[in-house]
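Novice: Got a structure for you, written out below as structure tokens; questions coming shortly.
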């Protein structure tokens, strides 16, 4: 299963670990979308910045 992750809120003024997590997922601009394979590491990263992103499952 894959996850479609969209950055919905700005990274300005966020804690450094949240900014680094978003960048590690490949998210730098608002409304940027990445598709990642769902695994423990990715799920943990998404949980860390869950208030900044929208996540949908892709077949």
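Novice: Would you tally the residues in region 30-43 being under 10 Å from the mean Cα position of the chain (by Cα) and either assigned to a helix (DSSP H, G or I) or over 17 Å from residue 1 (Cα atoms) (or both)?
Specialist: Qualifying residue count for the region: 3.
Novice: Another question, if that's okay. Tell me yes or no: at least one residue of region 11-29 is part of a strand (DSSP E or B) and at pLDDT 95 or above.
Specialist: no
Novice: Report the residue count in region 39-51 for those that are under 19 Å from residue 16 (Cβ atoms), out of contact with any helix residue (DSSP H, G or I) (no Cβ under 7 Å at 6 or more places or on another chain) and touching a residue at least 24 places away in the same chain (Cβ under 8 Å).
Specialist: 2
Novice: Looking only at residues in region 44-59 that are modelled with pLDDT of 95 or more and assigned to a strand (DSSP E or B), which one is surrounded by the most Cβ atoms within 10 Å (Cβ to Cβ)?
Specialist: Of all residues in region 44-59, those modelled with pLDDT of 95 or more come to 44-57.
Within this subset, residues satisfying the condition of being assigned to a strand (DSSP E or B) are 53-57.
On the way: 53: 21, 54: 13, 55: 15, 56: 11, 57: 9.
Filtering region 44-59 for residues that are modelled with pLDDT of 95 or more and assigned to a strand (DSSP E or B), the one surrounded by the most Cβ atoms within 10 Å (Cβ to Cβ) comes out as 53.
The values are calculated or read from the model by the stated rules, or taken from the named source; none is laboratory data. Please read all numbers here as calculations on a predicted model, not as lab measurements. Ideal geometry is used to build each Cβ from the backbone, glycine not excepted, and the neighbour counts take in all protein chains shown.
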